1. Look at I63 and say whether it is surrounded by fewer than 19 Cβ atoms within 10 Å (Cβ to Cβ) and aliphatic (A, V, I, L, M).
2. Out of the residues in the range 72-92 that are in contact with an Asp or Glu (Cβ under 9 Å, 6 or more places away or on another chain) and exposed (fewer than 15 other Cβ atoms within 10 Å of the Cβ), state the one that is modelled with the highest pLDDT.
3. Would you mention how many residues in the range 127-156 are within 22 Å of I21 (Cβ to Cβ), assigned to a loop (DSSP other than H, G, I, E, B) and either touching a Leu at 6+ places or on another chain (Cβ under 6 Å) or modelled with pLDDT of 75 or more (or both)?
4. Restricting attention to the range 102-123, which residues are within 22 Å of V26 (Cβ to Cβ) and either buried (at least 16 other Cβ atoms within 10 Å of the Cβ) or modelled with pLDDT of 70 or more (or both)?
Amino acid sequence: MHEGVTHKVLSFELGPETYGIDIRKVQEVRSFESPTPLPDTPDWLLGVTNLRGTVVPIVDLRIRLGLPAQFEQRTVTAVLDLGSRTTGIVVDGVSDVLELRVDDMRALPLGASPDRAGVLGLANVSEHGQTRPLILLDPAALLGHLPQPDSAQAQA
């Protein structure tokens, strides 16, 4: 039924795992710059930055998913267009744009943790003769409850 239908995803690392999001949601990938912190926000919301006149919340996706956050030379911010909002996500490094066949994508197993909202499913990716799992994310579901930043607070 879906034979031949493909989706392009941006793959990136968070710790030892590889994740992917729909490439159509990615506006740009930038080197990481410390955002302006906001008071009384979750630890995974690092703050906001001013991106060409737009106040953009910056989320450390590692912390949001319960992973340790280590800033390295490869750490970048992927700026996402989520329809009504632009949001930056901090990731350990961007890998590639992959073309996945719908037939290669699998839903999460039954009984998967309910706190995994935002995880669409899994896909197997073959590279250099090795197959590895790719965790597919829905950034709108994962980041849907961000506080609305006040544009006056973004001085970055």
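The values are calculated or read from the model by the stated rules, or taken from the named source; none is laboratory data. Source: prediction; values computed, not measured. With ideal geometry, Cβ positions are generated from the backbone for all residues, glycine too; neighbour counts draw on all protein chains shown.
1. Working: surrounded by fewer than 19 Cβ atoms within 10 Å (Cβ to Cβ): yes; aliphatic (A, V, I, L, M): yes.
Considered against the rule, which asks whether it is surrounded by fewer than 19 Cβ atoms within 10 Å (Cβ to Cβ) and aliphatic (A, V, I, L, M), I63 comes out as yes.
2. Residues of the range 72-92 in contact with an Asp or Glu (Cβ under 9 Å, 6 or more places away or on another chain): 72, 74-79, 87, 89-92.
Checking the rest, the ones that are also exposed (fewer than 15 other Cβ atoms within 10 Å of the Cβ) come to 72, 74.
Numbers: E72: 85, R74: 89.
Selected residue: R74.
3. Of the residues in the range 127-156, 2 are within 22 Å of I21 (Cβ to Cβ), assigned to a loop (DSSP other than H, G, I, E, B) and either touching a Leu at 6+ places or on another chain (Cβ under 6 Å) or modelled with pLDDT of 75 or more (or both).
4. Residues of the range 102-123 within 22 Å of V26 (Cβ to Cβ): 102, 104-105, 116-123.
Passing the criteria: V102, D104, M105, G118, V119, L120, G121, L122, A123.
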